[in-house]
Amino acid sequence: MRTYVKIICLLLCLLMVAPLFAACKKNDDDELAYNEVVKNGKSNYTIVYAKDSAEAKKAATDLRDAIKEKTGVELKLADDSISDTENLILVGTTNRQATATLLSTMQEKDFIIAYRDGCLCITGGNAAATTRAVKYFIANNINDAEDLVTFKAEDCRNEFGYMLGDLKVDGTPLTNYTIVYPASAPKYDKVTYYTAINIQDFFLNNAGIQLNVTSDAATEVANEILVGMTNRTASENLESIELAADQYILRKEGSKIVMLGANSLMTGAAAGAFVNTCFAPTGNGTAVNATVPTAATPTTFTFPKATSAILMVGDGMGMNHVEAGLIAGKANLENADSAADKCMDIFAADLMPYKAQCITRSQSVIEGLAEFTDSAAAGTALSTGYKTYNYYIGTDKSGNQLKNIRELAAEKGLRTAVLTTAHITDATPAAFLAHASSRYDTTLQAQIDKLLENGQVNFAEGDINDLAKVQEKNFLDRTRRGLAAASENNASFFAMIEEAHIDKFSHQVMAGGASVTQVQNAVLYYNEAIAYTMAFVMLHPTTALIVTADHECGDLEIYDQGNGEYYFSFNSDNHTNKNVYVWGMGDGVDTLLEGKDVIDNTDIPKFLATIYGENNFGDPTPQ
């Protein structure tokens with residue numbers, strides 16, 4: 001009897017303990033620890049990105065694809081509108097509190113990988129830093145040999161090595177200052193307005209601090225950096241001082257730092273003196289207690305020797321396209337409700353000291369094989385200094401690869417950037433990045449990807465080729481980010497910046513696929529990027545800037561009907577051989593444009609090459 005009871009008790013104990021063993025076995029094989037993103041072919045995580053950030057979506061997509069490629073497991077991908085709160089990988093500046101908390105501890109270019117509130121956060125102070133964070137995670141946290149993705153419990157923090165550290169002006173922290181511009185500047189004095197924005201960008205990119213920027217319509221505060229003729233007393237005190245066309249004043253009056261030039265470019269020169277002389281960035285997080293002159297003494301500006309270059313291309317922008325943009329911009333000025341980026345009383349490039357016309361015909365036109373150039377041949381002429389056949393990308397008429405100006409700069413150890421409002425494989429940007437006997441070659445993207453992977457180009461970014469989804473407002477932001485990447489830590493560089501939609505809309509007007517207004521708006525957005533870049537050059541005065549177009553598109557004619565009315569006639573749905581404008585500013589530009597009515601498009605890269613020490617660039621015997 002006792003034996004029977006013992007057996008019954010033993011069986012009952014086994015029945016009670018068995019689930020515990022099963023649970024333990026299930027935990028070992030099936031359940032993932034919080035820091036195990038992928039294990040044994042399974043994952044509980046969803047990758048989440050900021051809904052309105054194309055850069056964060058791309059970084060999140062790259063992370064998903066890398067995990068799938070290395071482990072075979074494809075994680076879910078969603079934007080931050082989903083309601084889930086745990087088992088998330090948060091990429092970029094999402095709307096989750098965990099992200100916001102971490103961002104408050106970072107500077108602009110820092111990134112962090114940390115576990116907070118049930119989520120793995122992979123985020124940077126800006127989009128580029130987030131991309132670097134994702135690349136770091138892919139390189140260090142994916143074990144493809146074991147199909148395992150994990151992360152450490154402790155935070156992984158990467159602090160960017162800024163050139164400048166703790167910044168003060170006569171003992172006052174620079175962060176106490178607000179940048180102030182005239183309220184009318186965004187519409188009527190764009191270079192002055194963008195000088196204020198460039199001051200903000202300079203300290204953000206070189207010191208990781210973000211100064212507030214506002215117009216003089218805002219309530220006056222104690223510490224202000226006054227850019228241009230503001231309504232502040234410290235600005236008005238300089239109004240009676242006569243300045244020559246190449247002079248500016250930089251002074252400190254009480255708690256105000258005043259920057260005023262004879263014109264908007266000279267106001268930019270004052271800003272350039274402030275950031276480059278008073279703070280003199282030397283690298284390694286240098287702390288600076290700057291002293292700004294107190295005397296209202298005019299200073300004469302001259303460009304120092306150029307070590308960097310920017311080429312801006314308005315695809316399809318003929319001379320009459322500029323005029324069409326001006327007509328729209330001036331009309332918009334009369335409407336108080338018009339957005340500033342739709343207003344223009346002068347095409348910004350016309351403020352540059354040099355201007356001429358440029359010949360755009362291709363080798364195909366020269367040999368009678370085509371009526372006009374295409375963007376591939378025109379882009380190749382602008383990038384290599386050689387004429388070539390239509391459709392050819394970075395090759396001569398025999399199909400031989402030609403060195404382009406970006407490659408030359410990269411060979412010299414300089415940073416490079418190529419950006420466009422078209423797809424990055426479109427003809428113009430491709431001419432600065434790739435080589436092919438056809439603009440439609442399927443290897444173009446792979447060539448560009450390889451350059452990025454190998455660090456041979458530091459920034460290459462475009463958009464979608466869908467005119468129905470054009471977001472022109474992104475162009476200025478892309479220009480700012482591209483120039484920041486190219487000039488990082490005060491490096492010398494080359495950058496090509498293209499506004500592509502002037503051409504793309506002009507192709508469609510005759511057939512009704514686009515309107516004249518869309519063409520005009522593309523010119524207006526190009527003007528914003530030009531004004532920003534001109535101000536950028538004044539803060540980076542060792543930079544030469546060339547602004548031009550690759551060809552005219554649409555054979556546009558304009559007829560003044562009187563009473564402020566104009567008739568715009570597009571007489572073609574394709575390109576023409578009309579000359580286009582070319583403008584320039586910076587050291588040495590006079591050798592290219594001064595005293596010349598017309599130059600050839602191949603002359604432009606030949607000049608740019610001299611900045612990088614190459615005096616025999618391009619075709620020595622142009623036709």
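The values are calculated or read from the model by the stated rules, or taken from the named source; none is laboratory data. Just so we're clear, the structure is a prediction, and the values are computed from it rather than from any experiment. Reconstructed Cβ throughout: ideal geometry from the backbone, glycine too, with neighbour counts over all protein chains shown. What goes into the accessible areas is simple: the full protein's heavy atoms, side chains included, and nothing from ligands, DNA or RNA. Shrake-Rupley method; radii C 1.70, N 1.55, O 1.52, S 1.80 Å.
Things worth noting here:
- The stretch 359-397, residues that are open to solvent by 20 Å² or more (accessible area, probe 1.4 Å), of a type outside the set (D, E, K, R) and within 19 Å of Asn574 (Cβ to Cβ): Ile359, Val365, Ile366, Gly368, Leu369, Ala370, Phe372, Tyr389, Asn390, Tyr391, Tyr392
- Pairing each residue of the stretch 561-574 that is over 18 Å from Gly329 (Cβ atoms) with any residue that is of a type in the set (A, V, I, L, M) and surrounded by fewer than 14 Cβ atoms within 10 Å (Cβ to Cβ), provided the two are 6+ apart or on different chains, yields C-beta distances under 7 Å for Asp573/Ala511.
- Segments classed as strands (runs of 3 or more DSSP E), wholly inside the stretch 117-205, with at least 2 members that are under 30 Å from Ser338 (Cβ atoms): 178-181
- All conditions in (1) part of a loop (DSSP other than H, G, I, E, B); (2) surrounded by fewer than 23 Cβ atoms within 10 Å (Cβ to Cβ) hold for Val275, with the sole exception of (1).
- Test: Ala306 is in contact with a strand residue (DSSP E or B) (Cβ under 9 Å, 6 or more places away or on another chain) and among the aliphatic types (A, V, I, L, M): yes
- The lone exception for Val73 - which of (1) farther than 15 Å from Ile138 by Cα; (2) assigned to a loop (DSSP other than H, G, I, E, B) it fails: (1)
- Residue check, Glu407 acidic (Asp, Glu), buried (at least 21 other Cβ atoms within 10 Å of the Cβ) and not in a strand (DSSP E or B): yes
- Yes/no for Asp550 being part of a loop (DSSP other than H, G, I, E, B), open to solvent by less than 20 Å² (accessible area, probe 1.4 Å), within 27 Å of Val509 (Cβ to Cβ) and not basic (Lys, Arg): yes
- Only one entry of Glu557, Glu499 meets the criterion of being open to solvent by less than 50 Å² (accessible area, probe 1.4 Å), of a type in the set (Asp, Glu), touching a Ser or Thr at 6+ places or on another chain (Cβ under 8 Å) and touching a residue at least 24 places away in the same chain (Cβ under 8 Å), and that entry is Glu499.
- Yes/no for Gly316 being open to solvent by less than 20 Å² (accessible area, probe 1.4 Å), assigned to a loop (DSSP other than H, G, I, E, B), of a type in the set (Gly, Ala, Ser) and on the phi > 0 side of the Ramachandran plot: yes
- Inside the stretch 53-67, residues that are within 13 Å of Tyr136 (Cα to Cα), among the hydrophobic types (A, V, I, L, M, F, W, C) and surrounded by fewer than 24 Cβ atoms within 10 Å (Cβ to Cβ) make up a count of 1.
- For the stretch 340-352, the criterion of being within 22 Å of Asp600 (Cβ to Cβ), at pLDDT 95 or above and surrounded by 24 or more Cβ atoms within 10 Å (Cβ to Cβ) is met by at least one residue.
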